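Encoded as C-alpha cells, the structure appears first; notes follow it.
The values are calculated or read from the model by the stated rules, or taken from the named source; none is laboratory data. None of these values were measured; they are calculated from a predicted model. Cβ atoms come from the backbone with ideal geometry, glycine included; neighbour counts cover every protein chain shown.
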Ligand code: HXC
C-alpha cells in the first residue's frame, strides 16, 4: 500500500528506522533511502497519479508479474545530476529516487521476464543518464538470459535538465532495442503520456499496447504543434489509442486502462517463446485432433464470391478452444492477423477479411501482414494463411500512397520466412494477391484449396471487360464462356502443376493443419537459418 508507505524518509521516525535497519542488516541511512525510493515522487504526486485513474510504477509491476516474483535492481540509483542539489539535504531527498524508473526482473506464467516501469511521479518519468543506464542494464541482461523485456511507459521524454546526456541515454536504449530485435520479444505498454524520445523506443519493440484512457504518443505535443503550424489539437486527437490503433498503425493492442492493458500483455506473452532459439510454450491438450471435424465450415463461407462474411467465424472453428488474440484489430481491418494455438502449439494466423473492402489488400494491410510475418518468422512461430482475396485495392490514392512499395513488403516477408507455412485458399485468390498470400511460389510448405475455390488473374467482371475489349476489336470469340473456363481450369492447372498440394474439405481443415504442422515441426531446426545465398542482409523495400 503505497499511500500508507509514502511517509517520506525525512519524516520516518528515527528510532523505528534504526530498529528496522538493524533487523534488515543494513545501515540506517540505507534503510531510509530504501523507504525514500519506494515512495517515488512522494504522496502528493502518487495521489495525483491515482486521481487520474492511473496506477504507480510499482503497482503496475505488481499486477504484471507473478505474485511475489519481482526482484528489483538499482533501487537506490539516483540522478547523476542532482536536480536541486543542496548541502542541507544529506539524504538527497530532492534528488530523484530510482531516477524515474523501477527496473528488475520477475516471472510471467512462471517464465522469466525483464521489466522496467517508468515512474511518472519522479520527474515525470523523464529519461536521464542514470535512468537510461538502468533501462540498458535490464535489456542487456534480458539478451544474455534470453528472456522478454516488458516496458511500462509513462514518461515526459528526455530529461530537460540533463541535455545531451539524456539524448545520449535515449540513443543507448534505442541501440539495445535494435540489437535485441528478433532475438527476445519486446513489449511496450503505454500507460500515460509518452512524448519525444519516449515514443521511439516503443516503436522499435515488437508490440505496442495502449491504454485507451491514458496513453498518448507523439513526437511533438499539441503546444509545439500549435506553435509551429498553428494547428489546434488535443493530446488525445494527436496521439491517443484510437489514433495509433486505427490510423497510424503504431500500436498493436489497446484496452481500457492500466489493469486491462497489463492483462493483455500477459495473454500476449503466453503465445510467444522466450527467445528466437527456443519454441513457444506448448499448452497440453486433451482432445485428439483427428477427432474434431467442423461440419459448420462446409456451409460457413458463401459460394458467391461477392458475398461478405466474417473471417473470424472461420478462424474460431479452426483453432484450439475457439480462442485467438487478434493483433491490430482496427488497423487495416481488411487483413486479419492473430495468434492462436493448434493442438497446443502457437501459430500466427494471417487472413483476408471479406467483411471489409471485400478483403482487398491495400498498403496498410500489406504492411500490417508483412510485419506480422517477420515477427513470426524471427521467433519460429508457424504461419497459417487463409486466403479469400479479390486482389490489390485499385485507385489513385493507393497508387500515390505507394502500394507498389508496400505490397512488395509482403511479398518479401513471405518469401524470406523459413518457418512452416501452411496456406488454404477458401474461396478465391486473384491476381498478385494469389502470389503474395503465401503461395507455393513464395516457399509455401503446404498449400491447399477448399473445393469451390477460384484462382484467376482477376475477377470475372474485370476479366470479361478486358477480354471483351480485345475481342471486340479483333472480332473474335464470345468471351464470357472463355473467362469462366479459364478460372475453373486455373485451380486444376494449379493442382496439376503442384502449385496447390491438395483439395481439402472445409470440415477437415483443422485436422489438415494439425497434421501439416506436426509434419513440419522439425523444419525450424533442420532449415537453414542463414540467408541464402550468403549475404549481409536483404534489402526489404521499406
Ligand atoms: C524533466 C519533466 C519532463 C521532462 C515532465 N517533467 N516532463 N521533467 N524533463 N521532459 C516533470 C514536470 O516538470 C513535473 O514536475 C512532472 O514531470 C509532471 O509533469 P506535468 O507537466 O505536471 O504533467 P502533465 O500535466 O500530466 O503533462 C505531462 C506531459 C508534460 C504532457 C508529459 O509534462 C510535457 O509536455 N512534458 C514535456 C514533453 C517533452 O516535450 N519532452 C521532451 C521531448 S524531447 P513536478 O516537479 O512539477 O512534479 C525528446 C528528445 C529525444 O524526448 C529524441 C530522441 C530521438
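Applying the criterion of being in contact (Cβ under 8 Å) with a residue 40 or more places away in the chain and in contact with a strand residue (DSSP E or B) (Cβ under 8 Å, 6 or more places away or on another chain) to the residues of region 349-359, the residue that is farthest from residue 511 (Cα to Cα) is 359.
Remark: pairs (first residue in region 210-228, farther than 20 Å from residue 158 by Cα; second residue away from the ligand (no atom under 13 Å from the Cβ) and assigned to a loop (DSSP other than H, G, I, E, B); Cβ separation under 7 Å; 6+ apart in sequence or on different chains) = 210/251; 211/257; 212/256; 213/256; 213/257; 226/232. Selection of region 156-198 for residues being within 7 Å of the ligand (Cβ to nearest atom) and in a loop (DSSP other than H, G, I, E, B) yields 156, 157, 159. Put simply, of 298, 258 the only residue that is within 16 Å of the ligand (Cβ to nearest atom), touching a helix residue (DSSP H, G or I) at 6+ places or on another chain (Cβ under 7 Å) and in contact (Cβ under 8 Å) with a residue 60 or more places away in the chain is 258. From the list 370, 365, the lone residue that is in contact with a strand residue (DSSP E or B) (Cβ under 7 Å, 6 or more places away or on another chain), more than 27 Å from residue 508 (Cβ to Cβ) and in a helix (DSSP H, G or I) is 365. Would you confirm whether any residue within region 282-293 is surrounded by fewer than 17 Cβ atoms within 10 Å (Cβ to Cβ) and modelled with pLDDT of 95 or more? The answer is no, given that none of the residues of region 282-293 is surrounded by fewer than 17 Cβ atoms within 10 Å (Cβ to Cβ) and modelled with pLDDT of 95 or more.
Let's see how each residue does on (1) in contact with a helix residue (DSSP H, G or I) (Cβ under 7 Å, 6 or more places away or on another chain); (2) at pLDDT 95 or above; (3) within 16 Å of the ligand (Cβ to nearest atom); (4) not in a strand (DSSP E or B):
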residue: 21; (1), (2), (3), (4): yes, no, no, yes
residue: 37; (1), (2), (3), (4): yes, no, no, yes
residue: 50; (1), (2), (3), (4): no, yes, yes, yes
residue: 77; (1), (2), (3), (4): yes, no, no, yes
residue: 81; (1), (2), (3), (4): yes, no, yes, yes
residue: 85; (1), (2), (3), (4): no, no, yes, yes
residue: 91; (1), (2), (3), (4): yes, no, no, yes
residue: 103; (1), (2), (3), (4): yes, yes, no, no
residue: 116; (1), (2), (3), (4): yes, yes, no, no
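Every listed requirement among (1) surrounded by fewer than 22 Cβ atoms within 10 Å (Cβ to Cβ); (2) assigned to a loop (DSSP other than H, G, I, E, B); (3) touching a strand residue (DSSP E or B) at 6+ places or on another chain (Cβ under 6 Å) is met by residue 315 save one, (2). The set of residues from region 39-48 being crowded, with 20+ Cβ neighbours inside 10 Å and in a helix (DSSP H, G or I) comprises just one member, 46. Checking each residue in region 139-155 for being closer than 17 Å to residue 264 by Cα and more than 16 Å from the ligand (Cβ to nearest atom) picks out 148, 149, 150. Among the residues of region 204-224, the ones that are part of a loop (DSSP other than H, G, I, E, B), out of contact with any strand residue (DSSP E or B) (no Cβ under 6 Å at 6 or more places or on another chain) and either near the ligand (Cβ under 10 Å from one of its atoms) or within 9 Å of residue 188 (Cβ to Cβ) (or both) come to 2 in all.
Can you find even one residue in region 23-39 that is free of Cβ contacts under 8 Å to residues at least 60 places away in the same chain and under 17 Å from residue 115 (Cα atoms)? Yes, region 23-39 has at least one match. Could you look through region 52-64, keep only residues that are more than 11 Å from the ligand (Cβ to nearest atom) and in a loop (DSSP other than H, G, I, E, B), and pick out the one that is nearest to residue 98 (Cα to Cα)? Ranking the candidates gives 56 first. Residues that are within 16 Å of residue 136 (Cβ to Cβ) and touching a residue at least 60 places away in the same chain (Cβ under 8 Å) within region 184-200 comprise 184, 197, 198, listed in sequence order. For region 386-407, check the following and say yes or no: at least one residue is closer than 27 Å to residue 525 by Cβ and surrounded by 18 or more Cβ atoms within 10 Å (Cβ to Cβ). Among the residues of region 386-407, at least one is closer than 27 Å to residue 525 by Cβ and surrounded by 18 or more Cβ atoms within 10 Å (Cβ to Cβ), which makes the answer yes.
For region 500-526, the candidate set comprises residues that are surrounded by 14 or more Cβ atoms within 10 Å (Cβ to Cβ) and in a loop (DSSP other than H, G, I, E, B); within that set, the residue that is modelled with the lowest pLDDT is 521. Please state which one of 135, 108 is crowded, with 16+ Cβ neighbours inside 10 Å and either at pLDDT below 95 or within 16 Å of the ligand (Cβ to nearest atom) (or both). Of the residues listed, the single one that is crowded, with 16+ Cβ neighbours inside 10 Å and either at pLDDT below 95 or within 16 Å of the ligand (Cβ to nearest atom) (or both) is 135. Buried (at least 20 other Cβ atoms within 10 Å of the Cβ), closer than 26 Å to residue 128 by Cα and within 16 Å of the ligand (Cβ to nearest atom), is that true of residue 235? It is false that residue 235 is buried (at least 20 other Cβ atoms within 10 Å of the Cβ), closer than 26 Å to residue 128 by Cα and within 16 Å of the ligand (Cβ to nearest atom).
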